[in-house]
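What follows is one structure encoded as structure tokens, with my remarks underneath.
The values are calculated or read from the model by the stated rules, or taken from the named source; none is laboratory data. Since the model is a prediction, treat every value here as computed from it, not as a measurement. Cβ sites come from the backbone with ideal geometry, for glycine too, and all protein chains shown count toward neighbours.
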Amino acid sequence: MSGADAAVEAAAGVEGWLTDAQARRLWARGAAARGRGAVVEIGSFRGRSTIVLASAAEAVVAIDPHAGGDRGPQEISPDATRGDEDLEAFRANLARAGVADRVRHVRSASEDALGEVDGAVALLYVDGAHRYGPARADLAGWGRRVVPGGAMLVHDAFSSIGVTLALATECVLSPWWRYAGRTGSLAEYERPAAPLRGRVRARNAARQLAELPWFARNVAIKALVVARLRGLAHRLGLPPDAQWPY
């Protein structure tokens, strides 16, 4: 069994929105970051992605306030009881997967945790609050910590409206992020050693803008799900066993 397959198996059954295919991509980037700098996760929830990263990397800094909010479109507001339940499940899941000793949990909002990581960030995984303001702050504040040759992976890219608007602001026209593609809604960006210029920069922006039809399809699916028209959502491509397009 490959390392990626073992990580997917270890995370099986842990509540979360990372698909198995996305987990394999995340594992590969975590393995590539070994010895090159910190691996930072923003948004851990109950530990599904944390387990994958910790299975690949030497150590992970997992940043999540576990405040019980930003858990989905119907659970935006904080809820202390819900947050404590998530934290208890997070710790239990890491222990069950055998990776608890590789994870340092920072129970704080991401914007308040910038000082919790020293030195270079080799891999940044962003799956925090999906509203535009917090998402843009994560991409800008934490993104600038990623070293040349490092990577940033963003979940719900070209799916969540807030996250997509944040990417449009911080990454689409930026010379400092090269779009490496996506697995479902998990988008990967690479930090180049030198700024992208001219036609290379234009092609990089065009590749991201080419995702807009897929983004529009995902927004339509979400609207149909909220309107309780799942049959039509499935016709647009929502998998039969999925609650949301990921």
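Some points to look at:
- Test: residue in the stretch 181-193 that is surrounded by 18 or more Cβ atoms within 10 Å (Cβ to Cβ), of a type outside the set (Gly, Ala, Ser), assigned by TED's automatic domain parsing to the domain that holds Ala23 and not in a strand (DSSP E or B): yes
- Residue in the stretch 155-178 that is touching a strand residue (DSSP E or B) at 6+ places or on another chain (Cβ under 6 Å), under 24 Å from Ala62 (Cβ atoms) and assigned to a strand (DSSP E or B) present: no
- Given (1) free of Cβ contacts under 8 Å to residues at least 12 places away in the same chain; (2) within 13 Å of the chain's Cα centre (by Cα), number of the condition Gly115 does not satisfy: (2)
- Restricting Thr183, Thr169, Thr164 to residues that are polar (S, T, N, Q) and under 12 Å from the mean Cα position of the chain (by Cα) narrows the list to Thr183.
- Test result for Asp138, modelled with pLDDT of 95 or more and touching a His at 6+ places or on another chain (Cβ under 7 Å): no
- Residues of the stretch 1-27 that are surrounded by fewer than 16 Cβ atoms within 10 Å (Cβ to Cβ) and out of contact with any strand residue (DSSP E or B) (no Cβ under 7 Å at 6 or more places or on another chain): Met1, Ser2, Gly3, Asp5, Ala6, Glu9, Ala12, Gly13, Glu15, Asp20.
- Any hit, the stretch 207-217, residues being of a type outside the set (A, V, I, L, M), part of a loop (DSSP other than H, G, I, E, B) and in contact with an Asp or Glu (Cβ under 9 Å, 6 or more places away or on another chain): no
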